[in-house]
Structures are given as C-alpha cells and as structure tokens.
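Right, one structure below, let's go through it.
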Amino acid sequence: QVQLVESGGGLVQTGGSLTLSCVASRSTSTLSIMGWYRRQSTGKQRELVAQITGAGRPTYAGSAKGRFTISRDNAKKMIQLQMNNLKSEDTAVYYCNYRGPDWADTWGQGTQVTVSS
C-alpha cells in the first residue's frame, strides 16, 4: 500500500502564499487520481480542494479556482499545491489523497495551514 508524506504547511498572513507537497512511497499508477482535501475545523467533513489525474488533468473546488494550482510529477511520485492569496477561511488541516485504479483511498497524516489577518 502506498504511503503519503505531506510537507509545507505553516502560518502565513492573509494574502500570502504557501506550497504544499506530498510524496508517495512508491510509484503511483497513471490511472490514479491524487489530490488535496481539507478539514476546516474539528467535526467538519473533509472537503475536496483540488485533484489531478495521472495524465495531469486538474479539478478544483470553487473556493480554490484562480488562487490554487495543483501539479503532479509522476517521476518524482509527488504532487504539489501552490496556494496564493490565502484567506482566513483557508485555515485547515490539509490532507493528501491517493485514489488507486481500484478506487481505494489512501490518506496522508495531514498538515496544518493557518492564515492570520
């Protein structure tokens, strides 16, 4: 089973930028989908932020469009999420997700992003 390690979270001011990275422990299938989800507070459901296919086709949640960019490097077994113009409502724990060709989900441990005004 693939394991995912996230990095890049932290504290940033409103309007600032952060880049999250997620590295897989083994090669990922080109038929897989990888993405970022977030949970904005305890008890809230995890929501999709952005995802990308093995062929590099991205999908964004409405809140991420125009501000966030997801990218994927299959050779490096990595995805990244470039987040610009961050807002307080982007504060959340961000989770990397890997969905294999069998639709099984694997999650990273999560990385905290805090946006302060």
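What follows draws every value from the coordinates through simple rules; no lab data is involved. Just so we're clear, the structure is a prediction, and the values are computed from it rather than from any experiment. Heads up, the Cβs are rebuilt from the backbone with ideal geometry, glycines too, and the neighbour counts pull from every protein chain shown.
Couplings 3J(HN,Hα) of the range 111-117, computed from phi: 9, 7, 10, 10, 10, 10, 8 Hz, in residue order, whole Hz [Karplus 6.51 cos²θ - 1.76 cosθ + 1.60, θ = phi - 60°; x for Gly and Pro].
In this rough spin-label picture, where each label sits 7 Å from Cα along the Cβ direction, the Gln112-Thr69 distance is 2.9 nm. Reported value for the chain: 92 Å³ per residue, from the convex hull of its C-alpha atoms.
Beta bridges assigned by DSSP with both partners in the chain are antiparallel in approximately 90 percent of cases.
With the cut-off at under 14 Å, measuring from each backbone N in the range 69-89 to a point 7 Å along the Cα-to-Cβ line of Ser27 picks out 74-78. Length available on full extension from Val5 to Asp105: 0.36 nm per residue minus the Cα-Cα distance, which gives 34.5 nm.
Here the peptides 28-35, 57-64 are ranked by packing, the mean other Cβ count within 10 Å, and the order with the highest first is 28-35, 57-64.
For the range 65-77, 3J(HN,Hα) computed residue by residue from phi via the Karplus equation (6.51, -1.76, 1.60; θ = phi - 60°) reads 4, x, 10, 10, 10, 9, 9, 9, 10, 5, 5, 8, 6 Hz, glycine and proline entered as x.
Taking label points 7 Å from Cα along the Cα-to-Cβ direction, Gln13 and Leu48 give a separation of 3.5 nm.
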